[in-house]
Amino acid sequence: MKIKTLTRHEAQKQDMSTIESGCAQTPKGIVTLLRWQNQIIGIESGGHEQNITSWAQDIMDTFFNKHVVETPILLIGTQFQTDVWKALAKVKWGETITYGQLAAKAGYPGASRAVGTAMNKNPISLLIPCHRVLAGGNKIGGYGGGLAVKKQHLDIEGVLKTVRP
């Protein structure tokens, strides 16, 4: 996965008037992808079937069939957020990690609560999947989209049975 980062301050200096959106059908329903200069910058749940585009569908088909992201990603956030998101991007399909482990991997040992906050701000949570992050003791923890959605995502990846309620 090719990832670039920009701080919010750096992003404000860019001409982002050419952001494109496209929808794709996934096992999780229709999603809307946002891209700028051929880099994914956001994914949102929902969208309309008439807005499905080949570029967005190709990205999501590759992700769900091959479990990889081949399209470049541009993460926009604070240094801490982008460090955490890049570390999370290394957690593969069907694997999980705890908030504490992710904090350490990102270079911020002991910052598990702040990692949780960064997860809540992740603009590309389907491709850099926050649902793979668990509370200590492999407990389900929280999820911005709701615990039912987190459980659905973990079940699709075949790891829900290893998670404690």
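Since every read-out is calculated from the coordinates, none of them should be taken as a lab result. Bear in mind that the values here come from a model prediction, so they are computed numbers and not experimental data. FYI the Cβ positions are ideal-geometry reconstructions off the backbone, even for glycines, and counts take in every protein chain you see.
A few comments on the model shown:
- Taken about its Cα centre, region 88-165 carries a charge dipole of about 120 debye when Lys and Arg each add +1 at the Cβ and Asp and Glu each add -1 at the Cβ.
- The antiparallel fraction among DSSP beta bridges confined to the chain stands at about 60%.
- Neighbourhood charge, 9 Å Cβ-Cβ cut-off, centred on residue 39 and excluding it, Lys, Arg +1 and Asp, Glu -1: +3
- Check: region 3-74 dipole with +1 on Lys, Arg Cβ and -1 on Asp, Glu Cβ, in debye: 240 debye
- Using the Cβ of residue 163 as centre and a radius below 14 Å, the other residues enclosed give a net charge of +3, where K and R count +1 and D and E count -1.
- Comparing mean-square fluctuations of 121, 13, 151 from a GNM of the chain with C-alpha springs under 10 Å, the top value falls on 13.
- Seen from residue 90, the other residues with C-beta closer than 11 Å to its C-beta sum to a net charge of +3, counting Lys and Arg as +1 and Asp and Glu as -1.
- Given charges at beta-carbon only (K, R positive; D, E negative), |dipole| of the chain in Debye: 720 debye
- Taking the chain as a Gaussian network of alpha-carbon nodes connected by springs under 10 Å, the highest mean-square fluctuation of the residues 29, 100, 47 belongs to 29.
- Theoretical FRET efficiency, 1/(1+(r/R0)^6), r = Cβ-Cβ of residue 114 and residue 70, R0 22 Å, to 0.05: 0.15
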